[in-house]
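Each remark here refers to the structure printed beneath this line.
The values are calculated or read from the model by the stated rules, or taken from the named source; none is laboratory data. This structure is a prediction, so every number in the text was calculated from the model and none was measured. Neighbour counts are summed over all protein chains in view; Cβ atoms, including those assigned to glycine, are modelled from backbone coordinates with ideal geometry.
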Amino acid sequence: MTSNANKSPNAFRTISEVADTMGVPQHVLRFWESKFSQISPMKRGGGRRYYRPEDVEIIKVIRKLLHDDGYTIKGAQKLLKEQGIKNILETIEASSKDEVLKVAPKTENTYESQILHITQKSAQANIQANVEETDMVTALKKLRTRLNNIHQNLRVD
């Protein structure tokens, strides 16, 4: 399975990739498809959905309207109909740029900014180490199970 990080920005995404990216369950995406005609993934054999980059952008807008801004389904439908997806996307992008500018530390070479940078890098390294440790523990458990099975088979013969 290919992760989103390895894919081109223009690549199609599966429902599981979009659900993971958006932080919503797959059944919610299927429900939104039934309520918002703007979402129209391509369906292949067996009903497998492939979302275009445009679909993913629309889903981001819908998720923001419903989860972050507190709109109801009907309210979001009305807003999308009245303002259009492009206008809403531009508004979201503009407000997120403003938020980044407010939160971003000054680019001066101060002790505080250096400490912040080091702390962020340390946190990222800790997260990566935890993931690798979890993967290692899982692999060792699987190996133990296999060895036990081999041992059982040797006893029987």
Scanning the range 40-66 for residues that are farther than 15 Å from Leu79 by Cα and either not charged (D, E, K, R) or not assigned by TED's automatic domain parsing to the domain that holds Pro9 (or both) gives Ser40, Pro41, Met42, Gly45, Gly46, Gly47, Tyr50, Tyr51, Pro53, Val56
Taking the range 42-57 and keeping residues under 17 Å from the mean Cα position of the chain (by Cα) and either outside any helix (DSSP H, G or I) or farther than 23 Å from Glu90 by Cβ (or both) leaves Arg49, Tyr50, Tyr51, Arg52
Residues of the range 24-41 being outside any helix (DSSP H, G or I) and touching a residue at least 12 places away in the same chain (Cβ under 8 Å), in sequence order, are Val24, Phe36, Gln38, Ile39, Ser40, Pro41
Within the range 8-52, the residues that are loosely packed, with under 14 Cβ neighbours inside 10 Å and touching a strand residue (DSSP E or B) at 6+ places or on another chain (Cβ under 8 Å) are Met42, Lys43, Arg44, Arg48
For the range 53-91, the count of residues that are surrounded by 19 or more Cβ atoms within 10 Å (Cβ to Cβ) and in contact with a Lys or Arg (Cβ under 7 Å, 6 or more places away or on another chain) equals 1
